[in-house]
1. Exactly one of (1) touching a residue at least 24 places away in the same chain (Cβ under 8 Å); (2) within 16 Å of the ligand (Cβ to nearest atom); (3) of a type in the set (Asp, Glu) is unmet by Glu532. Its number?
2. Can you tell me which residues in the stretch 200-212 are crowded, with 21+ Cβ neighbours inside 10 Å and assigned to a loop (DSSP other than H, G, I, E, B)?
3. Return yes or no: is Ile323 farther than 17 Å from Lys365 by Cα, in contact with a helix residue (DSSP H, G or I) (Cβ under 7 Å, 6 or more places away or on another chain), assigned by TED's automatic domain parsing to the domain that holds Leu431 and free of Cβ contacts under 8 Å to residues at least 60 places away in the same chain?
4. Every residue in the stretch 18-57 that is out of contact with any helix residue (DSSP H, G or I) (no Cβ under 9 Å at 6 or more places or on another chain), assigned to a helix (DSSP H, G or I) and either among the aromatic types (Phe, Trp, Tyr) or at pLDDT 95 or above (or both), please.
5. Go over the candidates Lys244, Lys253 one by one and state the one that is outside any strand (DSSP E or B) and surrounded by fewer than 19 Cβ atoms within 10 Å (Cβ to Cβ).
6. Please list, ordered by first then second residue, the pairs with beta carbon atoms under 9 Å, 6 or more apart or interchain, first in the stretch 488-508 and of a type in the set (Lys, Arg), second surrounded by 18 or more Cβ atoms within 10 Å (Cβ to Cβ).
Amino acid sequence: MCGIIGINSSKPVSSTIINSLKKLEYRGYDSAGIATLSKGEINEIKSEGRVDNLEKNSLVQSMEGTIGIGHVRWATHGLPNSINAHPHSSQNVSVVHNGIIENSTLLKKFLVGKGHKFKSQTDTEVIVHLITENLKTENVVNSVKKTLKALHGSFALGIIFKDEPNLIVGARRGSPLAVGYGPNENYLGSDSYALKSMTNKITYLNDGEFCIVKKDHVEFFDEEGTKVNKKVLELSSEENKYDKGDYKHFMAKEIEEQPTTLKNGINEYIDKTNNDINIYNLPWKKDEISSVTLIGCGTAYHSCLMAKYWFEHLTSLDVNVDIASEFRYRKNRFKKETLYVFVSQSGETADTYAALDLCNKNRMKTCSVVNVIESSIARDSKFVLPIHCGTEIGVASTKAFLGQILILYILALKLGLLRDDISKNLFVKKLKDLTKLPDLVKKTLMTDNKIQSISSTFNDAKGSMFLGRGFSFPIALEGALKLKELSYIHAEGYPAGEMKHGPLALIEEGMPVVVLAPRDDYYKKTISNMQEVIARGAKVLLITNKSKDEIFSENIWETIEVETTNEDLLPFLLTIPLQKLAYYSALKKGYDIDKPRNLAKSVTVE
Ligand code: AGP
């Protein structure tokens, strides 16, 4: 996590750095800071909380310097306060850092022994003092090289030096870092978002590389300090995507955009002329794949779980699902007939990237389902399936979730057809239903008023549960995650049939419980489980789909009916009321919906 920006220019840089930091806030918003070089000194200003706080500081307005670095932090070591905010500086060096230095305690002991005085509780400060120490005997390049060799863990770094007023050093191991090229100025950024308003010409550093950013050119080196040549990539620029229009929050906008984003995804992947899915360029033959392993974190992991049900339903492939942070350290039995699918909105999630890297190193078949096509995960996968849903700004993932499950559903359908696991007739019927999905989502989005009033009950309760079976179980998990992250209410997602094995003990008089019971193969079983929680005093919000059949159950507190479609596609519709429930609960509580506490949009630390 955390965001880095560095600018080397011939004009003053502080206000551009502040503007770039605002764009990077999705990576962390515990604190922010800036350091520039002017009149032979390092000037550093930092503040707790959002970039707005930093901007309000009158000293920032008058900050001089044509070279500088800035940072937004998501705390790992030490409290989120202004002392622990980056940059961290000695008299000679100032550093911004993303990642974690795992041997910081040992290095600190060594540096304290040498007389260095530490101000913060962060791991980053050891980098500052180590470079300062190495500068006593080495030039800039060698001091950085020596320092990087001593660090264990992950980092993306931006470094300025009091005695080198013409350069910024950038370095990368584990955490992503990019260089941008402008007119008479060059930039360093933790990703292309921060740089996009200034340039669309980008170079990404590979693991272990470092660079020297001067105003008129940039030099790249490998870990041994040997110069390397790098490609300059041209990115597409879509500035208007940051605008929240008439909506109060990006999340509200992103929820409402879903009919359009689904339509975009469907248009990209469905070949209407041939009644097919235009994934024609899979780099592997159908007989080379006998199983699929889906890997992700958080909401993306829920997408993987959702896909497991579809892959099992539509194909004869063996399917496994894993949480990336678990997969990367497990003793995996890599199999060459397995397709490893990595799901990530940002494409920068550290655990997911590490899992991908591990598979690549073991020469596995890797495919990613991402939103950001310039991301590290997209770049390093052998095959990429973009979700085409546009930038998602709200920390709580909404349209990207539907985008991910759409593409995973499409992939399952395609593999099912290729392997003759489903007939062409059934395939075409399912494609037809899929093209109607955006309109059904649009209609389901209209159930607004009811959810607004229901959300108060969730806010007043000390906890809640979300239950579902089969296709609805991953959606129950996702609904609970949305409520937790936005409203800070304890919410558990559970398979409805599992309640009697323990969690039923949590049910007490008046506890709100969401039951997802669409009219699918699991309907009757889920309704029985619902009666078990009602009998113990739960206030049940039943979410089902419209049907002429009556619901035979008494004492249901509230019912929401989504539109009707085939059972594969009902999970898309069930998700909508759950997104809105979380949104309205947080709205009523007055919480920061787009930036919930303690979280960040892109989780680039493990
Ligand atoms: C969801 O609302 C989250 N904020 C979070 O769980 C997210 O899905 C997870 O961190 C994975 O992110 P990615 O899709 O960018 O890899």
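1. Going through the list (1) touching a residue at least 24 places away in the same chain (Cβ under 8 Å); (2) within 16 Å of the ligand (Cβ to nearest atom); (3) of a type in the set (Asp, Glu), Glu532 breaks only (2).
2. Leu205
3. It is true that Ile323 is farther than 17 Å from Lys365 by Cα, in contact with a helix residue (DSSP H, G or I) (Cβ under 7 Å, 6 or more places away or on another chain), assigned by TED's automatic domain parsing to the domain that holds Leu431 and free of Cβ contacts under 8 Å to residues at least 60 places away in the same chain.
4. none
5. Selected residue: Lys244, the only one of Lys244, Lys253 that is outside any strand (DSSP E or B) and surrounded by fewer than 19 Cβ atoms within 10 Å (Cβ to Cβ).
6. Filtered contacts from the stretch 488-508: Lys500/Asn529.
So that you can scan it fast, the table gives a plain yes or no per residue for (1) part of a strand (DSSP E or B); (2) farther than 21 Å from Leu305 by Cβ:
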site	(1), (2)
Glu498	no, no
Glu508	no, yes
Val515	yes, no
Arg519	no, yes
Thr526	no, no
Glu532	no, yes
Leu542	yes, yes
Ser547	no, yes
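For (1) modelled with pLDDT under 95; (2) surrounded by 14 or more Cβ atoms within 10 Å (Cβ to Cβ); (3) more than 17 Å from Leu37 (Cα to Cα); (4) not hydroxyl-bearing (Ser, Thr, Tyr), each residue gets a yes or a no:
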| position | (1), (2), (3), (4) |
| --- | --- |
| Leu59 | yes, no, no, yes |
| Gly68 | no, yes, no, yes |
| Arg73 | yes, yes, yes, yes |
| Gln91 | yes, no, no, yes |
| Val95 | no, yes, no, yes |
| Leu111 | no, yes, yes, yes |
| Asp123 | yes, yes, yes, yes |
| Val126 | no, yes, yes, yes |
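The values are calculated or read from the model by the stated rules, or taken from the named source; none is laboratory data. Computed from a predicted model, the values in this text were never measured in an experiment. So basically every Cβ, Gly included, is an ideal-geometry build from the backbone, and we count neighbours across all protein chains shown.
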